[in-house]
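Just so you know, all these numbers are worked out from the coordinates, no wet-lab data involved. Predicted, not measured: the structure shown is a model, and the values here were computed from it. Here Cβ is always computed from backbone atoms with ideal geometry, including for glycine, and neighbour counts include all displayed protein chains.
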Amino acid sequence: MSAEVFEKVKQVEEEINLANPGDEASVEAFRIRFLGSKNILKPLFGEIRNVEPARKKEFGQLVNSVKQLAETKYQNLKEASQNEAASKKQEGMDLSAPGIPLRLGSRHPISITMDRIIGIFEKIGFGVAQEREIEDDWHNFTAMNTPEDHPARDMQDTFYLRDFSNYLLRTHTSSVQARVMTTSQPPIRIIAPGRVYRNETISARSHCQFHQVEGLYVDEKVSFADLKQSLLYFAQEMYGPETEIRMRPSFFPFTEPSAEVDVSCFICDAKGCSVCKYTGWVEIMGCGMVDPAVLSNCNIDPEKYTGFAFGMGIERQAMMLYKVEDIRLFFENDIRFLKQFRSAL
Ligand code: DAH
């Protein structure tokens, strides 16, 4: 009797060993047969009462080990069939499907505007001069005819370097004029784009850092008419061929005479809008004839040479061009803002 039930268990063991279910459904059938609630091992546990007492323990161990075998085999089969399903899915990949597009970066609106300004002046023979942002007092102020006690220094709230009070973050790109004129002789025809700093409260309209482009032309017989014509050319290239300019007398320590330049409002065609405050004109830059004192400060003979200069804020131009109402947006690097300029590349 004992031998018979041992034999039954051995048969089940062999069946488990030989089983080779491939797909998910036959793995499930395997589970039901050997591990399900009505599995074929269950009645064999009951057979223990037909086993002679001396072999009861042996029988129990055998049935348990066969059950364990079924368990282990099932786990392995399940894992294998899951892996196969996953790789089948991969095989099903459509290689002709369009790729996931890489998101391209976009150029910063300030760079776009700056490059446009540079391109316009390069066409009429201006070279680009780039200079340091940490400047000394002399190049930023003194050489530019703004000595220490000059009230014009109050116009620009300066960041000085804490341990080097002679050094500062340049307050305007006009300092590049002094750099270029002290190291080269006329003819000089440069524009100087770059970052400048002023100790101003940050608001929608002003920031403690922004960008300017400076222009300088020094040669024999440079006249105010040259200045006016160059700026008209610039305004029409920048804002459209119908653009007009007007000059209003102003004051800057480094130019004499000085003027402020307005362009006819390109947003409303000078009909009146919020950008031009219903005047039809928007101010875009300061300019003038280089003060003879600036020329001699920089070792250029004011008897022989004259020059014109101008300076403009780039954020201001970009705000008008792109109708941006808050200057802070340019410095926050918010992708939602920046990606809108992709088409302007
Ligand atoms: N440096 C002036 C500023 O920051 C701008 C300026 C005005 C530059 C007149 C010039 C100029 O070269 O001639 O406000």
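Remarks
- Part-to-part distance (alpha-carbon centres) for region 11-33 and region 268-304, which is given in Å: 91
- One decimal place: the segment residue 132-residue 296 gains 56.8 nm when fully extended, by the rule 0.36 nm per residue minus the C-alpha distance.
- A cut-off of 5 Å between modelled amide H atoms, ignoring neighbours fewer than 5 places along the same chain, links residue 192 with 129, 214, 215.
- In region 9-150, a dipole from Cβ-located charges (positive for Lys and Arg, negative for Asp and Glu) runs towards its positive end, and of 30, 104, 142 it is 30 whose Cα lies farthest in that direction.
- Dipole moment magnitude, nearest 20 debye, region 2-90 about Cα centre, only Lys, Arg, Asp, Glu C-beta charged: 280
- Cross-link partners of residue 339 among lysines, defined as those whose alpha carbon lies under 23 angstrom from its own and excluding same-chain residues fewer than eight positions apart: 323.
- Nearest-0.05 FRET efficiency for residue 23 and residue 54, computed from C-beta distance (R0 35 Å): 0.20
- Linear extension gain, residue 322 paired with residue 38, 0.36 nm per residue minus alpha-carbon span: 94.6 nm
- Gain upon complete extension [residue 224, residue 115; 0.36 nm per residue less C-alpha separation]: 36.6 nm
- Estimated inter-spin distance, residue 142 and residue 335, nm [label 7 Å along Cα→Cβ]: 5.0
- Phi-based couplings in Hz for region 126-138 (Karplus 6.51, -1.76, 1.60; Gly and Pro marked x): 8, x, 9, 10, 10, 9, 5, 8, 8, 10, 8, 4, 4
- Restricting region 214-285 to trypsin sites (Lys or Arg not before Pro) that sit in a DSSP loop and have at most 14 other Cβ atoms within 10 Å of their own Cβ leaves 221, 271, 277.
- Overall form of region 109-344 per C-alpha gyration tensor (a/c, 1.5; a/b vs b/c): oblate
- With R₀ set to 56 Å, the beta-carbon distance separating residue 10 from residue 100 gives a calculated FRET efficiency near 0.45.
- Among 98, 53, 249, residue whose mean-square fluctuation peaks in a GNM of the chain (springs only between Cα atoms under 10 Å): 53
- Reach of residue 42 by Cα under 21 Å, taken over lysines that are not fewer than 8 positions away in the same chain: 8, 10, 56, 57, 67, 73
- Max mean-square fluctuation residue, GNM over the chain, Cα-Cα springs under 10 Å, options 293, 178, 85: 85
- Each of residue 122 and residue 167 was given a label point 7 Å from its Cα along the Cα-to-Cβ line. The distance between the two points is 3.2 nm.
- Most mobile of 123, 323, 89 in a GNM of the chain (Cα contacts under 10 Å): 89
- Take every pair of alpha-carbon atoms less than 8 Å apart whose residues are at least six positions apart; their mean separation over the length of region 2-90 yields a relative contact order of 39 percent.
- For residue 250, the amide hydrogen comes within under 5 Å of the amide hydrogens of 258, 259, 260, counting only partners 5 or more places away or on other chains and with H modelled in the peptide plane.
- Taking the fewest neighbouring Cβ atoms within 10 Å as the starting point, the ordered list for 136, 291 is 136, 291.
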